[in-house]
Amino acid sequence: MQILIINIKELLQVRETNVDKVSGAEMATLPSIKNAYLVIEDNLIKDFGSMEDCPQINPEKIIDAYEKIVLPTWCDSHTHIVYAGNREQEFVDRINGLSYEEIANRGGGILNSAKKLQASSEDDLYEQSKTRLEEVMQMGTGAVEIKSGYGLTVDDEIKMLRVIKRLKKDYPIAIKATFLGAHAFPLEFKNNHQGYIDLMINEMIPRIADEKLAEYIDVFCESGYFSIAESEQILEAGLKYGLIPKIHVNQFNAIGGVALGVKYQALSVDHLEVMNPEDIEVLKNSQTMPVALPSCSYFLSIPYTPAREMIKAGLPLALATDFNPGSTPSGNMNFVVATACIKMKMTPEEAINAATINGAYAMGISKTHGSITIGKKANIIITKPIPSFYQLPYAFGSNLIEQVIIEGKLIA
Ligand code: NIG
Ligand code: FE
């Protein structure tokens with residue numbers, strides 16, 4: 001099946017030779033072609049260029065993108081979209097003055113979601129999660145990472161990862177699975193941290209590796225959750241089974257999680273709302289992608305990742321949603337891009353690089369996703385008619401997406 005898109009006002013994120021990520025000052029450049037065409041064949045990008053060079057072909061479908069912008073779909077490298085129920089009550093409790101930490105200390109938070117998830121069947125969980133996956137695809141996400149971490153027992157963590165596996169099978173979107181058993185200590189292990197760590201190391205990780213249920217391993221490395229020494233044990237155990245680290249660090253406190261991630265060659269270190277100069281220093285000369293989650297900062301009213309400082313230091317930066325029931329009940333990457341521009345002072349060019357090619361890197365898929373490059377997956381967003389791509393972050397509350405194509409299939 002061939003699709004030809006013609007008269008594209010501007011084709012964004014065009015990379016003739018693929019790059020795996022963009023860092024520092026390079027992030028300010030978003031290569032593009034004005035008045036362009038794009039050819040899709042089956043699930044891949046076949047060709048693109050200026051309309052003057054548009055080939056004479058007879059495709060099955062022609063899309064006229066006059067006055068419309070075309071760009072690669074978003075690569076959302078950090079989500080928790082497999083969850084049960086919601087935490088609306090905690091949202092209202094926070095409005096009335098409680099903090100996220102106070103709610104967690106009262107047994108709410110992650111443990112509240114774990115209780116709900118443990119009470120749900122795999123089928124029910126699948127149904128709830130697929131609705132969210134379909135929603136994010138319609139909003140322009142074409143690749144997504146999904147974490148476990150609301151199960152917190154052997155069977156319930158496996159249940160979450162099986163749901164992710166089913167989603168992978170049933171949808172055209174690329175999905176990467178991450179084991180996050182180390183999300184919180186279950187109540188019965190409150191005073192026996194080592195007992196839960198041993199359960200993960202001796203039972204969960206071997207079973208997950210055996211069933212090939214995850215490619216990455218995550219830890220919520222934070223005061224009151226997993227200490228550096230505890231995180232280290234878990235990452236080491238995961239690495240023995242080939243699970244690559246992608247970790248939650250520096251959300252509320254900088255306790256050395258960034259250095260830990262770099263030490264274990266984490267693919268990404270995520271959150272980074274609180275950054276010390278040492279954290280920025282240690283990321284230089286590493287292959288670890290820093291990932292900011294601005295809609296989490298927005299929803300919890302916590303600091304935003306210091307993007308300007310990091311980019312000035314020459315670092316790359318990726319943007320993701322963190323879609324989860326507690327700190328970010330939204331999978332809207334357009335909002336993430338807009339919030340990065342508005343609150344973190346990223347330029348639209350930087351934010352789009354961060355949400356496409358750098359997001360792909362943070363999922364280990366920048367060879368196939370994240371840019372308009374011949375041979376990459378045909379994952380594209382076609383906007384409504386708009387004056388320029390600056391509209392995407394500028395009109396932050398509007399849905400400017402008209403069509404989404406994932407692996408050659410028209411989704412929305
Ligand atoms: O990334 N910080 C840890 N995990 C999630 C929130 C989990 C929750 O509140 O359910 C996050 O923000
Ligand atoms: Fe998260």
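If the chain linking Arg308 and Asn18 were pulled fully straight, counting 0.36 nm for each residue of separation and taking away their Cα-Cα distance, it would gain 101.9 nm. Looking at the square roots a ≥ b ≥ c of the eigenvalues of the Cα gyration tensor of segment 1-109, which shape do they give, rounded for a/c under 1.5, prolate if a/b is larger than b/c, or oblate? Taking the square roots of the gyration eigenvalues as a ≥ b ≥ c, segment 1-109 is prolate. FRET efficiency for the pair Glu278 and Glu52, taken as 1/(1 + (r/R0)^6) with r the Cβ-Cβ distance and R0 = 56 Å, rounds to 0.60. Peptides 119-129, 171-181, 364-374, 141-151 ranked from most to least packed by the mean count of surrounding Cβ atoms within 10 Å: 141-151, 171-181, 364-374, 119-129.
For Gly195, what charge total do you get from the other residues with a beta carbon under 14 Å from its beta carbon, if Lys and Arg give +1 and Asp and Glu give -1? Here the count lands on -3. The portion of the accessible surface of the chain made up by carbon and sulfur, rounded to a whole percent, is 50 (1.4 Å probe; DNA, RNA and ligands excluded).
Compute the distance from the alpha-carbon center of segment 84-104 to that of segment 342-412, in whole Å. If you average the Cα positions of each part, the centres end up 32 Å apart. Overall, the anisotropy analysis places segment 74-361 in the rounded class: the square-rooted eigenvalues a ≥ b ≥ c of its C-alpha gyration tensor yield a/c less than 1.5. Packing order of peptides 49-55, 353-359, highest average first: 353-359, 49-55 (average count of other Cβ atoms within 10 Å over each peptide's residues).
Placing +1 on the Cβ of every Lys and Arg and -1 on the Cβ of every Asp and Glu, with nothing else charged, gives segment 74-361 a dipole about its Cα centre of roughly 420 debye. One decimal place: the segment Lys115-Ala25 gains 27.9 nm when fully extended, by the rule 0.36 nm per residue minus the C-alpha distance. Classification of segment 280-412 by its C-alpha gyration tensor yields an oblate form. The axis ratio a/c (a ≥ b ≥ c) is 1.5 or more, and b/c is at least a/b. Using a probe of 1.4 angstrom and keeping all protein chains present, the accessible surface of the chain works out to 38 square angstrom per residue.
Summing charges over all other residues whose Cβ lies under 10 Å from the Cβ of Val258, with Lys and Arg as +1 and Asp and Glu as -1, gives -2.
The packing ranking, built from the mean of other Cβ atoms within 10 Å per residue, places the peptides 276-283, 341-348, 80-87 in the order 80-87, 341-348, 276-283, highest first.
Taking Ile217, Ile33, Ile110 as the candidate residues, the one with maximal mean-square fluctuation in a Gaussian network model of the chain, Cα springs under 10 Å, is Ile33. With Cα atoms defining each centre, segment 247-321 and segment 27-82 are spaced 31 Å apart in the structure.
The values are calculated or read from the model by the stated rules, or taken from the named source; none is laboratory data. None of these values were measured; they are calculated from a predicted model. Note that we place each Cβ from the backbone using ideal geometry, even for glycine, and neighbour counts take in every protein chain shown. Side chains included, ligands, DNA and RNA excluded: accessible areas come from the protein's heavy atoms. Shrake-Rupley method; radii C 1.70, N 1.55, O 1.52, S 1.80 Å.
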